[in-house]
Number of protein chains: 2
Amino acid sequence: MSYTIQQVLIPSPSGYQQSGYAVVDVQIEGDRISAIAPQLEAQGTVIDGRNKLLLPGFVNAHTHSSELWQRGLIPPLPLELWLAHLYDFTPLEPEQIYLSALGTAVETLLSGGTTVVDHLVLIPGRERETIAAAIRGYREVGIRAYVAPLIQDEPFAMALPKGDHKTPALAASEAAPTTAEVLELMQDTIEQYHCPEEGINIVVAPTGIQLCSDALFAGCIELSDRHNLCRHAHLLESQAQQMLAQEKYGCSAVKHLAEIGYLGSRTSLAHCIWLTDADIELMATTQTTVVHNPLSNLRLGSGIAPVLKYRQAGVNVTFGCDGSASNDSQDLLEALKIGSILHNVTDRDYRNWLTPRETIEMAALGGAKGLNAADQRGSLAVGQQADLVLYDLTSLSLLPRTDPIGLLVLGRPSQAVDRVWVNGNPIVTDGQITTLNTTQLRQDLFNQSQWVSNLSSPTMKEMEVRYREVMGLS
Amino acid sequence: MSYTIQQVLIPSPSGYQQSGYAVVDVQIEGDRISAIAPQLEAQGTVIDGRNKLLLPGFVNAHTHSSELWQRGLIPPLPLELWLAHLYDFTPLEPEQIYLSALGTAVETLLSGGTTVVDHLVLIPGRERETIAAAIRGYREVGIRAYVAPLIQDEPFAMALPKGDHKTPALAASEAAPTTAEVLELMQDTIEQYHCPEEGINIVVAPTGIQLCSDALFAGCIELSDRHNLCRHAHLLESQAQQMLAQEKYGCSAVKHLAEIGYLGSRTSLAHCIWLTDADIELMATTQTTVVHNPLSNLRLGSGIAPVLKYRQAGVNVTFGCDGSASNDSQDLLEALKIGSILHNVTDRDYRNWLTPRETIEMAALGGAKGLNAADQRGSLAVGQQADLVLYDLTSLSLLPRTDPIGLLVLGRPSQAVDRVWVNGNPIVTDGQITTLNTTQLRQDLFNQSQWVSNLSSPTMKEMEVRYREVMGLS
């Protein structure tokens, strides 16, 4: 298929740092951007681009799709006590995984995202079905998906620092899978599903240092090298994890991950809040990407990631929504807005603050870099894959007319996404997903859920006293 | 007119602190809620309330409507340099004031607000026309409006602290109006427009200590007492204002305002970021309301208002969007979400964090309290004025079903507002404003604006060097 978008506004071709705009025609041929020029001979489907803004698609660079089932559910709690709820109320049916993958894809697409990195929580004992269900959903919608099965080889009880205690806070109620079992699952998953040319990528993604052995990290590095896969993990999301790393390794988590070779230009790490200046330096020298999840970090009280420091140190930073149980929305533009303005209270000198242009560059090009794909995506340039989003600038939420990118990032765009292409395929037209019946999706999500109040987590009950003690809360 | 909303979900009648819900019929008769019970005899228009949530309307308790014309326009800058841009690019036609009042009202209504407090920036030399235009807009839409003309009797040049300098940073380019002129304007405005029974209230609202004499505050107190008006102002939004207060009064701004009698249960103050513990105590004892504008405070790098401390001290806190040039959206639900979760990073003990229920109580009842109207509005109770919002819980953004109030506050509701009544009048039906042609509004906003890039503010150029020096920025 081919398209000619006529007279569309794009950021000045001289790059994101310029504040200008150009009005151009943009052509898509097959899966690529084939031409950008002031005036092109029309070919294929002609689209009126007047009063519209064309940008490369953003990356929702860290989420957990199945948390959609717990959105709005868990009270305001810090990560460790919130996780207790998450495990107690996690969805257990592959059909649910499929539906929440659809929902996550739809919300991402309608807020400027063309790629999702799904750090997929696996149903215990039904891991392969979980992965199959999510991939089925992403294939149907047609979003570019990086499916990162969330793996661990230690029981949940180990995730809390022990402090002065000899035993963990929780009895280990479930047996963790062995390292070999987990790696076999990953090997099978890669062989069965990894297919970049069809838009499905498998990512190795130990949940993080809190629940993974060095052997698991080593196995993932080996798989990643052998199959040229991206690597992902959580990193130092909470102060408790910082304490745990010291207990476990006697050094910072970043230093340990660097030593065992997990960092690098194909590695993106979510959160990265409790890092020292030395850690930040290591992130920079290894070319590791930080995925900033501002809304989740606020909701869980995790802290404010030092994003301005990362940028000054030359670390690539991009944005994620995180799962819907800790942000409660998969609106990527919301993550860009808050992830941009939040840092203005961390540095008194406004000359260091993120501009709206820098923010979209982080979300598009920064997202592609974090997936080792900046040569393929993230820029409006001939030859790049056509992962594109066309914004209607006449939405009431973007009026009156001022600076289009300022409105998009600092406003609260509503129904502003007019069209989306992924790999040259049209996924959204006239603001509607074309690959999916969203009325049916709403009905399915409605039917398989019920109103909840007075939620009580047995696991939280078991661990709260110890948590408060170890964290120094009276 | 009368309405019977059948089988609608409401927060447990035992109050916001309970997590339960009830399914009830709610009746509106004229301007009041006339009955709430499990089953009522239908009368008037019957509305199916199934899978819908009914809440009292929220208050957009601090905004500047005409800033809509500068939304998305001003780069990330601290208050004082941002203000330089605001003054350089302010709208100058009363017709624009009318349109931006409409836009502000529409966005507020479609995000759960039924009342707006408009700290209205006045066009120099056309102050009366400005006020008339805004009120015309609010009357047409039918939102409850508290119009608070933004007054001052000192020139903009005085708003910066002098530091070690003898002269202000800026030449006083404009002559400020005299105190008498300003008070005469207010007197006329009150006589002409103040009409609570028709939903239009005039508020006395000196911009703040930075540009107002004690005589102006005294005159406003007198008018407020004589006509039973609410009082409003900005308070300690920036660190520069804290420095300025010390230079001007030799004490904190709060202490000074308390001494001259401006604080009290009819007074609401926007921002309140740079307050000491002693100041917070004064806010509590005087029963003054804090209006928290979290998005504006982040965008301008003003700081994080100590909202959890206010709550612990017994200070009433509610939410505002602030003007669209410093937040760039009038979505009140966005202000609730960020104004709630932001504080989780300011207090390590999660037991102090705001819950979604507390947040909606602050937005509805807290908003009414700040306008001295809690006996009339802010609760779902028989006899209260019918300022009500009905949310459709089957919007994709609120699915799957979990806790409705959790979804509303922590999610990112899109097209969730189904119906709105103000004073018993239907303003929104099936998600559409019924009192206004919004297609025409979009067209008008579009036609009277143009795309902008490369914005440069002469006033900022004049003051930036001094600003950096006084604020200790190298």
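Among the residues of region B:441-456, count how many are in a helix (DSSP H, G or I) and facing chain A (nearest Cβ under 8 Å).
If we filter region B:441-456 for residues that are in a helix (DSSP H, G or I), which is where we start, we get B:441-447.
After this cut, where a residue has to be facing chain A (nearest Cβ under 8 Å) as well, the list is B:441-442, B:445-446.
Total meeting the criteria: 4.
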In region A:125-144, anything in contact (Cβ under 8 Å) with a residue 40 or more places away in the chain, part of a loop (DSSP other than H, G, I, E, B) and either more than 22 Å from A:Ala61 (Cβ to Cβ) or of a type outside the set (A, V, I, L, M, F, W, C) (or both) is listed as A:Gly142
Of those in region B:249-290 that are of a type in the set (S, T, N, Q) and either touching a residue at least 60 places away in the same chain (Cβ under 8 Å) or in a helix (DSSP H, G or I) (or both), the residue nearest to B:Gln210 (Cα to Cα) is B:Ser268
Consider B:Arg136 carefully, then state whether it is among the basic types (Lys, Arg), modelled with pLDDT of 95 or more, closer than 26 Å to B:Ser224 by Cα and in the same structural domain as B:Leu298 (by TED's automatic domain parsing).
yes
For region B:351-367, the count of residues that are in contact (Cβ under 8 Å) with a residue 40 or more places away in the chain, touching a helix residue (DSSP H, G or I) at 6+ places or on another chain (Cβ under 9 Å), farther than 13 Å from B:Ala335 by Cα and not acidic (Asp, Glu) equals 4
Among B:Ala101, B:Ala84, B:Ala105, the single one that is under 17 Å from B:Asp387 (Cβ atoms), crowded, with 19+ Cβ neighbours inside 10 Å and within 14 Å of chain A (Cβ to nearest Cβ) is B:Ala105
B:Ser66 meets each of (1) more than 24 Å from B:Val422 (Cα to Cα); (2) crowded, with 18+ Cβ neighbours inside 10 Å with one exception, condition (1)
The one condition B:Asn327 fails out of (1) within 14 Å of chain A (Cβ to nearest Cβ); (2) within 22 Å of B:Val8 (Cβ to Cβ) is (2)
Taking region B:162-197 and keeping residues surrounded by fewer than 16 Cβ atoms within 10 Å (Cβ to Cβ), within 26 Å of the chain's Cα centre (by Cα) and outside any helix (DSSP H, G or I) leaves B:Cys195
Considering region A:380-426, residues that are assigned to a loop (DSSP other than H, G, I, E, B) and among the hydroxyl-bearing types (Ser, Thr, Tyr), and then whichever is farthest from the other protein chains (Cβ to nearest Cβ), we arrive at A:Ser395
Within region A:462-474, the residues that are outside any helix (DSSP H, G or I) and closer than 11 Å to A:Leu160 by Cβ are A:Met471
Checked region A:85-98 for anything under 14 Å from A:Glu129 (Cβ atoms) and either of a type in the set (A, V, I, L, M) or assigned to a helix (DSSP H, G or I) (or both); matches are A:Leu92, A:Pro94, A:Glu95, A:Gln96, A:Ile97, A:Tyr98
All-but-one check, A:Ser474 against (1) buried (at least 16 other Cβ atoms within 10 Å of the Cβ); (2) within 12 Å of chain B (Cβ to nearest Cβ), failing number (1)
query = Among the residues of region B:117-136, is any more than 13 Å from every other protein chain (Cβ to nearest Cβ), of a type in the set (Lys, Arg) and buried (at least 24 other Cβ atoms within 10 Å of the Cβ)?
reply = no
Scanning region A:256-305 for residues that are more than 14 Å from every other protein chain (Cβ to nearest Cβ) and among the charged types (D, E, K, R), the one nearest to A:Thr63 (Cα to Cα) turns out to be A:Arg266
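What about A:Gly383, is it touching a residue at least 12 places away in the same chain (Cβ under 8 Å), among the small types (Gly, Ala, Ser) and within 25 Å of A:Trp353 (Cβ to Cβ)?
Values: touching a residue at least 12 places away in the same chain (Cβ under 8 Å): yes; among the small types (Gly, Ala, Ser): yes; within 25 Å of A:Trp353 (Cβ to Cβ): no.
When the stated conditions are applied, A:Gly383 does not pass them.
Would you pick out the residues in region A:145-161 that are touching a His at 6+ places or on another chain (Cβ under 6 Å) and in a loop (DSSP other than H, G, I, E, B)?
A:Leu150
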From the option list A:Thr459, A:Thr435, single residue qualifying as farther than 30 Å from A:Gly44 by Cα, more than 9 Å from chain B (Cβ to nearest Cβ) and either part of a loop (DSSP other than H, G, I, E, B) or not charged (D, E, K, R) (or both) is A:Thr459
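The values are calculated or read from the model by the stated rules, or taken from the named source; none is laboratory data. These figures come from a predicted structure and were not determined experimentally. Note that we place each Cβ from the backbone using ideal geometry, even for glycine, and neighbour counts take in every protein chain shown.
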